[in-house]
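The values are calculated or read from the model by the stated rules, or taken from the named source; none is laboratory data. Treat the numbers as computed from the prediction; the structure is a model and nothing was measured. Neighbour counts are summed over all protein chains in view; Cβ atoms, including those assigned to glycine, are modelled from backbone coordinates with ideal geometry.
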Amino acid sequence: ARTVQAAVARDAKASDLVQPGHVFPLRAQEGGVLMRAGHTEAGCDLAGMAGLSPASVICEVMKDDGTMARLPDLISFAKAHGLKIGTIADLIEHRSRHETLIERIGRRPLVTAQGEFDCSAFRDRTGGLHLALTKGRWGEADEVLVRVHEPLSVMDLLDVGGNCQHSWPLPKALATLQQSPRSAALLLNCGEDVTALVPHVLPPVNGAVRPSGQMDLRTYGIGAQILRELGVAKMKLLGSPRRMPSMTGYGLEVTGFLAAEQQPG
């Protein structure tokens, strides 16, 4: 308990704790679950919404066999012990009804090598810039073909020699979206710095692998809010199949996936 009190103090410093230790300190991302759908953010959000200091203690519930309890196990556990239970998706849904982390700052037609899109620029609370390229119109019941691309790099347009670190090369993704009557491309985190660009420009050293462009699912919060701002409710994603349980909290339904190898190059 004393370690926890030291870790959550408003003036806490890294030097206040011996690391590694019996308690692992984590820092929640600004914006909470709307920015990153993680347990760290959820714990801090719940405490803050209760009017308390935005800090919490997170622990895993283990089953009798020593494995980590999943949601069905936790529901049974909560019923057996008279506990309330909520999911990160529930928390996202609640916060999404009352607040937003993105702002549309501009919109204009944009002609690309693959065709014309309607381009909207968004800024989040941390100052990050994001672009949405859309084609067609849709309602809540319409399925929209969507590509979420992060981070956006100048190398996505210059390097077409097979060194792309994304599951869908950007030019191919835009060409595929142009073939659909209703489509949207989200180009997230467009402000590229030198540190991020250099590894993609220089040859690999001693066989080192270039940084992957695959986005952590927990960072989809900004993209999800932009999609809802665009009126998307049902979407088919350009990408490999994966679990995306927190999307329901944003009112988004993933109807399927389309892998790059399923489309002719």
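Determine whether Val111 is of a type outside the set (Lys, Arg) and closer than 27 Å to Gln5 by Cβ. It would help to see each step written out before you state the result.
Numbers: of a type outside the set (Lys, Arg): yes; closer than 27 Å to Gln5 by Cβ: no.
Against the criterion (of a type outside the set (Lys, Arg) and closer than 27 Å to Gln5 by Cβ), Val111 does not qualify.
Kindly indicate whether any position in segment 170-188 is of a type in the set (Val, Ile, Thr), modelled with pLDDT of 95 or more and closer than 19 Å to Leu230 by Cβ.
As a first pass, look at segment 170-188 and keep what is of a type in the set (Val, Ile, Thr): 176.
Applying the additional criterion that residues be modelled with pLDDT of 95 or more yields 176.
Within this subset, residues satisfying the condition of being closer than 19 Å to Leu230 by Cβ are 176.
Checked segment 170-188: at least one residue is of a type in the set (Val, Ile, Thr), modelled with pLDDT of 95 or more and closer than 19 Å to Leu230 by Cβ.
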Practice prompt. Show the residue pairs that are 6+ apart or on different chains and have beta-carbon atoms under 8 Å apart, the first residue being within segment 136-147 and without any contact (Cβ under 8 Å) to a residue 24 or more places away in the chain, the second being surrounded by 10 or more Cβ atoms within 10 Å (Cβ to Cβ) and of a type outside the set (Val, Ile, Thr).
Written response: none
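Tell me, which residue of segment 110-120 that is in a strand (DSSP E or B) and among the polar types (S, T, N, Q) is surrounded by the most Cβ atoms within 10 Å (Cβ to Cβ)? Steps first, please.
Restricting attention to segment 110-120, the residues satisfying the condition of being in a strand (DSSP E or B) are 110-112, 115-120.
When the remaining residues are screened for being among the polar types (S, T, N, Q), the result is 112, 120.
Values: Thr112: 16, Ser120: 20.
Among those residues, the one meeting the criterion is Ser120.
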Response to the item:
Filter segment 207-237 for residues that are modelled with pLDDT of 90 or more, more than 15 Å from the chain's Cα centre (by Cα) and of a type outside the set (Gly, Ala, Ser); the one that is surrounded by the fewest Cβ atoms within 10 Å (Cβ to Cβ) is Glu229
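Show me the helices (runs of 4 or more DSSP H) found entirely inside segment 1-105 where at least 3 residues are closer than 28 Å to Gly223 by Cα.
Values: elements: 2-8, 39-49, 71-81, 88-98.
The helices (runs of 4 or more DSSP H) meeting that bar are 39-49, 88-98.
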Item to complete: Return yes when Arg123 is in the same structural domain as Phe257 (by TED's automatic domain parsing), farther than 27 Å from Leu46 by Cα and either part of a helix (DSSP H, G or I) or not hydrophobic (A, V, I, L, M, F, W, C) (or both) and no when it is not.
Response: no
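For the condition without any contact (Cβ under 8 Å) to a residue 24 or more places away in the chain, in contact with a Cys (Cβ under 8 Å, 6 or more places away or on another chain) and surrounded by fewer than 19 Cβ atoms within 10 Å (Cβ to Cβ), what is the one hit in Arg123, Arg107, Arg97? It would help to see each step written out before you state the result.
Working: Arg123 fails: in contact with a Cys (Cβ under 8 Å, 6 or more places away or on another chain); Arg97 fails: in contact with a Cys (Cβ under 8 Å, 6 or more places away or on another chain).
On inspection, the qualifying residue turns out to be Arg107.
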Discussion item. Looking at segment 56-76, I want the residues that are outside the structural domain of Gly86 (by TED's automatic domain parsing) and have a partner that is part of a loop (DSSP other than H, G, I, E, B) with Cβ atoms under 9 Å, at least 6 apart or on another chain. Which pairs are those?
Written reply: none
